[in-house]
1. Hey, any hits in region 128-138 for a residue that's closer than 30 Å to residue 283 by Cα, open to solvent by 50 Å² or more (accessible area, probe 1.4 Å) and within 16 Å of the ligand (Cβ to nearest atom)?
2. Restricting to region 321-348, what's the tally of residues that are over 22 Å from the mean Cα position of the chain (by Cα) and not hydrophobic (A, V, I, L, M, F, W, C)?
3. Looking only at strands (runs of 3 or more DSSP E) that lie completely in region 186-263, which have at least 2 residues being in contact (Cβ under 8 Å) with a residue 60 or more places away in the chain and under 23 Å from residue 157 (Cβ atoms)?
4. Using the structure shown, decide if residue 348 is over 22 Å from residue 181 (Cα atoms) and buried (at least 17 other Cβ atoms within 10 Å of the Cβ).
5. On the given criteria, is residue 283 within 16 Å of the ligand (Cβ to nearest atom), closer than 24 Å to residue 407 by Cβ and either part of a helix (DSSP H, G or I) or touching a residue at least 60 places away in the same chain (Cβ under 8 Å) (or both)?
6. With (1) within 16 Å of the ligand (Cβ to nearest atom); (2) crowded, with 22+ Cβ neighbours inside 10 Å; (3) not charged (D, E, K, R) as the list, and residue 186 as the residue in question, which single condition is left unmet?
7. Would you say residue 100 is within 16 Å of the ligand (Cβ to nearest atom), at pLDDT 95 or above and on the phi < 0 side of the Ramachandran plot?
8. What's the number of the condition residue 28 fails, among (1) open to solvent by less than 40 Å² (accessible area, probe 1.4 Å); (2) charged (D, E, K, R); (3) outside any helix (DSSP H, G or I)?
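The values are calculated or read from the model by the stated rules, or taken from the named source; none is laboratory data. Nothing here was measured: the structure is a model prediction, and the numbers come from that model. FYI the Cβ positions are ideal-geometry reconstructions off the backbone, even for glycines, and counts take in every protein chain you see. The area values use the complete protein model at the heavy-atom level, side chains included, leaving out ligands, DNA and RNA. Shrake-Rupley method; radii C 1.70, N 1.55, O 1.52, S 1.80 Å.
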Amino acid sequence: MNLKDNSTYALYESIGIGKKIIEFAQEKEKSLSERFKAIDETAEYNSIRVISAMQKNKVSQECFTASSGYGYDDFGRETLEKVYADIFHTEDALVRPQITCGTHALKTALFGNLRPGDELYSPAGHPYDTLEEVIGIRDSKGSLKEYGINYKETALLPDGSFDYDNIPKCITEKTRLITIQRSRGYQTRPSFTVEKIGELISFVKKIKPDVTVMVDNCYGEFIERGEPSDVGADMIVGSLIKNPGGGLAPSGGYICGTRECVENASYALNSPGLGKETGASLGVLRSFYQGLFMAPTVAASALKGAIFAARCYEDLGFKAYPSSSDERTDIIEAITLGSKEALCAFCEGIQGASPVDGHVRPEPWDMPGYDDSVIMAAGAFIQGSSIELSADGPLREPYNVYFQGGLTYPAAKLGIINSIKKLNDYGIINI
Ligand SMILES: *Cc1c(COP(=O)(O)O)cnc(C)c1O
């Protein structure tokens, strides 16, 4: 090897990325140095919180031991739940590999804390797609609706803010649980910062002090210096194959909150009478701990990738949500690409930069439950893990791509650069 060629530029060129594209990317990255510095500082802050909670709870080698069968007295599992509760400043936590995904965690929290005749209310607009069937907004077997639990929502105002004039009209003696989704999900509405969520919680609790507030915290963990549980949420809920699993947790979800909310959820997850006492950890605890340890820096890497993507694509003439200078509370980036060709090229670029399945080309397909074909790019170590670099979008106007993840910033950056290369190769842009 000629050490003279041992530069990052030369390496990018050797994998087919032209000089002009690299120069463009380096310039955009440079323009973000102040923002990236602030993100690193938040990661430092949150890492110290995580390490302190582990130390306080005396995490030790024996916490990584696998339990089997019923999983009674699983010391590592119980300690991990205390660590989560300390990090999120809640009384208790349920952190389990038996929670199969984010939807399951949310379903468990809802079914555990609602009873027939109760009403569930979303003052923050329409919830995430998969919750439509949990709630029964779309008719579905086993939904809350089938159990006699009704649902109401108040749409956001056109500018994406809460409709404070109309929210009080929907809170009645039946309202038992209020749900707030922090991240935009697959919408272009803004995500809600912890501060905004805190204002909404204060408002609804003034009207009804004993109402339970749940926050769908998916994709938001460790992006700010506090979480919705610091501003009055009774329960925060999320997936371990997103931020808090740090890319290492192979499966699982969490529910952190008041002792009562977590206990109720544990009966819905396991069985009345059993609750938190059972649930073998099956050898995944080391990756849960290690992933949590990594999570603040992994989330920071994904966040930098999202902002870098926004800055590049804005300068190429596309619209990004949030913009590259907006305040952030989650890792999701939506970019309006404007054509089917651009959406497919973007996904091809992300896929082609992945460490796993980098050799395959994503194709649109008719996914069950969706009206339009969907294209997805993911080359992940853990199936469907969206804290890993991934992108997807439905093939319909205005051809938004939703981009998230990146376990390391260099991997996220490479993905974005490769997506730009693909758009350039297809003649959609001209660099
Ligand atoms: C990912 C996500 C969920 C749950 O999704 P799963 O695919 O079931 O893990 C729920 N709400 C939001 C906002 C999400 O981003």
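1. Yes, region 128-138 contains at least one residue that is closer than 30 Å to residue 283 by Cα, open to solvent by 50 Å² or more (accessible area, probe 1.4 Å) and within 16 Å of the ligand (Cβ to nearest atom).
2. 5
3. Where strands (runs of 3 or more DSSP E) fall fully within region 186-263 and carry at least 2 residues being in contact (Cβ under 8 Å) with a residue 60 or more places away in the chain and under 23 Å from residue 157 (Cβ atoms), they are 212-216.
4. Considered against the rule, which asks whether it is over 22 Å from residue 181 (Cα atoms) and buried (at least 17 other Cβ atoms within 10 Å of the Cβ), residue 348 comes out as yes.
5. no
6. Evaluating residue 186 over (1) within 16 Å of the ligand (Cβ to nearest atom); (2) crowded, with 22+ Cβ neighbours inside 10 Å; (3) not charged (D, E, K, R) leaves (2) as the failure.
7. The answer is yes for residue 100.
8. That leaves (3) as the condition not met.
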